[in-house]
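Asks: I am attaching a structure below and will ask some questions about it afterwards.
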Amino acid sequence: MAHCILRIALDTPLNAVFDYRWACEPGQEPLVGQLALVPFARREVVGLIVAIAQESEVAEDKLKDALAVRSQLAPLSAQWLALAGFAADYYQRPLGEVALPGLPKNLRVLTTVALDRAIKKLGKLEAPHDPTPAGMPVLNPAQQAAADCIGSATGFQPALLYGVTGSGKTEVYLQACAQVLARDPAAQILILVPEINLTPQLEGNIRARFPGLMLATLHSSLSEGERMLHWLAAHEGKARIVLGTRLSILASLPRLQLIVIDEEHDPSYKQQEGLRYSARDLAVWRAWQLRIPIVLGSATPSLESWHHAQSGRYRLLELRERAVQQAVLPTVKLIDLERDKPRDGLSANLLAALRQRMARGEQSLLFLNRRGYAPVICCESCGWVSECKRCTAHMVLHRPEHRLRCHHCSLELRIPRHCPDCGNVDLQPVGRGTQRIEEALQQMFPEARILRIDADSTRRKGSAQQAFDTVHRGEVDILIGTQMVAKGHDFKKLTLVGILNPDAALFSQDYRASERLFAQLMQVAGRAGRAAQKEGGSPSEVLIQTRYARHPLYGAVVAHDFDHFASALLAERAQADLPPYLFQALLRAEAAELAVALDFLRAARACTAHEGITVNEPIPMSMTRVHNVERAQLLVESASRPALQAFLKEWTAALRALKTRVKWSLEVDPLDI
Ligand code: ADP
Ligand code: ZN
Ligand code: ZN
């Protein structure tokens, strides 16, 4: 029988495609973009066909046969392959490592029969009838202008939707979607949100607005069966709106006509391990590739996007006011902890405000971005502190669970009864986490309904959603939470936000810390006062407890002044030669001993020299040890992105050739350095 050669990308760190033989008559060859099952390293794996050839350079006796081609599945489009190819090139990874992990596992592991069955199940799904959008509220003029601008855009038109919290950005997205769907009944739209916890709220809004329209969600908490079905619905063009977290940027969407990135500034769009891509940046590339509009929405845009809006590369759409009439931005006040000494972490002013909200039957939110009971316990007589023996980090006290936990390697220990060094039985918790604040509030307000929402309280699947529902139903008086509660949620009965411990970020070494802190404070402040203010009622409030009440960052938060704050930060960045005026990549190395990691980085530094590229000295990472691995990093910088890209391509090839046992990884456009 005649055969052809399938050139196949596999999910391995080896930067190569692999040839396999496939028996078929001429003219019957599989298609590029189809998946094939092949033997690899004594396993059967699924790979992506990237080319079909007649001859291979691999010796005849070394050439293996492909086992099956998933021909029941439409091939991934040339455009999708180009997207994966771009991501692979840009982030300096092999194509297979980019293209394959994003596919639903079931596509890779299911037998042909099971795959056929899954595909049939999708055929059976009700054919969506053309939806007439329901319950469209009348937009205010600023919203209408923004929705029209996005909805009527053709070609590549990136827009930054800069709208204060509660300004009704969601409504703008939905009506822009309605316009796109009205124009092209087969259009697909991709909507990205930073957090899985925000999908149910938006999903509800979309379903209510477009009854009968097929909506698919893609995020990490789907079961494999669901993920497969949703992915297929998108791939076959049936799902018209795809709503997902960052991983959905690589979904196959043959009729994509609009991309929406909500909360575009959010660091969660950056994948922090494996392929460290920015879903936002890939989304912009994808929109450019397809010549379609894209909208990036935020109340506190990233400086990168703000810079593009200022320079005219992105169109700036502004919503300056809250959408609900009589819902005004909350008053932000600083509580100077030098004057108002806190009791159990809570100042008298904040306690009075909480009491007032309880009396009025309104909700309050206390925001503290630190879970656990106390970040460390210590012995006052000898100075022992609870350190993780595997990491450069403290063991965090989790009192309800009776445990010390390391948040970096998840080591767990029982709480020691006495100091391991001197035997002192009086070990003290130092500092406060959400559990400790919860305990203090329970004692001070025994009658209050108090709910804590953080990663610990929401470990069970579905429990986060249940907790948010409880808040929405008004069954909570005081909500305590970490950043999980800060983003996006539309809590209607909330009129007070207390921010407990934001000062640490003011003195961080990370040059992005103030940008992040500002965004976080504005986001969490924006949870207050989202419903119309009651007749004669007082405006909602945000109280920030600080020891640095005169710090200009807080001044900008009090004034709700993103514009000036962002301009000032951009000016600083320009002066200090930092992103977005400079492009960076970070090489990280891990070894049992720091010296080995540093040696590797020195060798990496020595194997190159390039004009216009600065390769800095290797340094230990600020958290040097995690899980008994010691880590170092080396920063590469250039004023030119193309120059940096060209350099990285050569350099990664040279690094691969170094054949070291040190584990290394390269991150392009790093966020944490
Ligand atoms: P953002 O995402 O900008 O913070 P949302 O989209 O959550 O704001 O909108 C805030 C609130 O305003 C929501 O409850 C929404 O239903 C309401 N809203 C938005 N647009 C309008 C409008 N044109 N008329 C009345 N209410 C609106
Ligand atoms: Zn001691
Ligand atoms: Zn640890």
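The values are calculated or read from the model by the stated rules, or taken from the named source; none is laboratory data. This is a predicted model, so every value here is computed, not measured. Counting neighbours? That spans all protein chains shown, and the Cβs are built from the backbone with ideal geometry, glycine included.
Asks: Return the residues of the range 10-27 that are out of contact with any strand residue (DSSP E or B) (no Cβ under 9 Å at 6 or more places or on another chain) and over 24 Å from ARG656 (Cα atoms); say none if nothing qualifies.
Replies: Just the residues of the range 10-27 that are out of contact with any strand residue (DSSP E or B) (no Cβ under 9 Å at 6 or more places or on another chain), to begin with: 13-15, 25, 27.
Within the range 10-27, GLU25, GLY27 meet the criteria.
Asks: I'd like to know if the range 225-232 contains one or more residues that are more than 12 Å from ILE191 (Cβ to Cβ) and not in a helix (DSSP H, G or I).
Replies: No, the range 225-232 contains no residue that is more than 12 Å from ILE191 (Cβ to Cβ) and not in a helix (DSSP H, G or I).
Asks: Moving on. For residues that are part of a loop (DSSP other than H, G, I, E, B) and surrounded by fewer than 16 Cβ atoms within 10 Å (Cβ to Cβ), scanning just the range 352-398, find the one that is nearest to ligand 2 (Cβ to nearest atom).
Replies: The selected residue is CYS382.
Asks: Tell me the residue from PRO141, PRO200, PRO185 that is under 24 Å from LEU329 (Cα atoms) and out of contact with any strand residue (DSSP E or B) (no Cβ under 6 Å at 6 or more places or on another chain), please.
Replies: Values: PRO200 fails: under 24 Å from LEU329 (Cα atoms); PRO185 fails: under 24 Å from LEU329 (Cα atoms).
From the options PRO141, PRO200, PRO185, the qualifying one is PRO141.
Asks: Only residues that are over 20 Å from ALA646 (Cα atoms) and either touching a Phe, Trp or Tyr at 6+ places or on another chain (Cβ under 9 Å) or in contact (Cβ under 8 Å) with a residue 60 or more places away in the chain (or both): list them for the range 579-598, please.
Replies: ALA589, GLU590, ALA591, VAL596, ALA597
Asks: VAL113 is checked against (1) among the β-branched types (Val, Ile, Thr); (2) modelled with pLDDT under 95; (3) touching a strand residue (DSSP E or B) at 6+ places or on another chain (Cβ under 6 Å) and fails just one. What number does that condition carry?
Replies: Condition (3) is where VAL113 drops out.
Asks: While we're on this one: Taking only the range 532-553 into account, find how many residues are among the hydrophobic types (A, V, I, L, M, F, W, C) and farther than 18 Å from GLN356 by Cα.
Replies: Taking the range 532-553 first, the residues among the hydrophobic types (A, V, I, L, M, F, W, C) are 532, 542-544, 549, 553.
Then keep just the ones that are farther than 18 Å from GLN356 by Cα; that gives 532, 549, 553.
Total satisfying the criteria: 3.
Asks: Given the conditions (1) out of contact with any helix residue (DSSP H, G or I) (no Cβ under 8 Å at 6 or more places or on another chain); (2) surrounded by fewer than 17 Cβ atoms within 10 Å (Cβ to Cβ); (3) farther than 30 Å from VAL497 by Cα, which single one is not true for THR608?
Replies: Status for THR608: all satisfied but (1).
Asks: Please give the strands (runs of 3 or more DSSP E) falling wholly within the range 118-219 in which 1 or more residues are touching a Lys or Arg at 6+ places or on another chain (Cβ under 9 Å), of a type in the set (A, V, I, L, M, F, W, C) and within 16 Å of ligand 1 (Cβ to nearest atom).
Replies: By residue number, 157-163, 188-192.
Asks: Right, next: Before we move on, is ALA576 under 30 Å from SER278 (Cα atoms) and among the small types (Gly, Ala, Ser)?
Replies: Values: under 30 Å from SER278 (Cα atoms): yes; among the small types (Gly, Ala, Ser): yes.
Criteria met by ALA576.
Asks: Which count do you get for residues in the range 318-331 that are surrounded by 21 or more Cβ atoms within 10 Å (Cβ to Cβ) and outside any loop (DSSP other than H, G, I, E, B)?
Replies: Adding up the residues that qualify gives 1.
Asks: Given the condition farther than 22 Å from LEU181 by Cβ, in contact with a strand residue (DSSP E or B) (Cβ under 9 Å, 6 or more places away or on another chain), free of Cβ contacts under 8 Å to residues at least 40 places away in the same chain and surrounded by fewer than 21 Cβ atoms within 10 Å (Cβ to Cβ), answer yes or no: does some residue in the range 249-270 qualify?
Replies: Kept after step one, since they are farther than 22 Å from LEU181 by Cβ, are these residues of the range 249-270: 250, 263-270.
Right, trim to in contact with a strand residue (DSSP E or B) (Cβ under 9 Å, 6 or more places away or on another chain) and you get 263-266, 269-270.
Restricting the remaining residues to those that are free of Cβ contacts under 8 Å to residues at least 40 places away in the same chain gives none.
The answer is no, given that none of the residues of the range 249-270 is farther than 22 Å from LEU181 by Cβ, in contact with a strand residue (DSSP E or B) (Cβ under 9 Å, 6 or more places away or on another chain), free of Cβ contacts under 8 Å to residues at least 40 places away in the same chain and surrounded by fewer than 21 Cβ atoms within 10 Å (Cβ to Cβ).
Asks: Now for a separate question. When you scan the range 87-117, how many residues do you find that are within 22 Å of the chain's Cα centre (by Cα), outside any helix (DSSP H, G or I) and farther than 27 Å from SER640 by Cα?
Replies: Result for the range 87-117: 5.
Asks: Starting from the range 404-430, take each residue that is of a type in the set (D, E, K, R) and list its partners that are more than 16 Å from ligand 1 (Cβ to nearest atom) and assigned to a loop (DSSP other than H, G, I, E, B), counting only C-beta distances under 6 angstrom and pairs at least six apart or across chains.
Replies: Within 6 Å, the pairs are ASP421/CYS382; ASP421/TRP384.
Asks: Tell me yes or no: at least one residue of the range 572-579 is charged (D, E, K, R) and under 24 Å from the mean Cα position of the chain (by Cα).
Replies: Checking the range 572-579: at least one residue is charged (D, E, K, R) and under 24 Å from the mean Cα position of the chain (by Cα).
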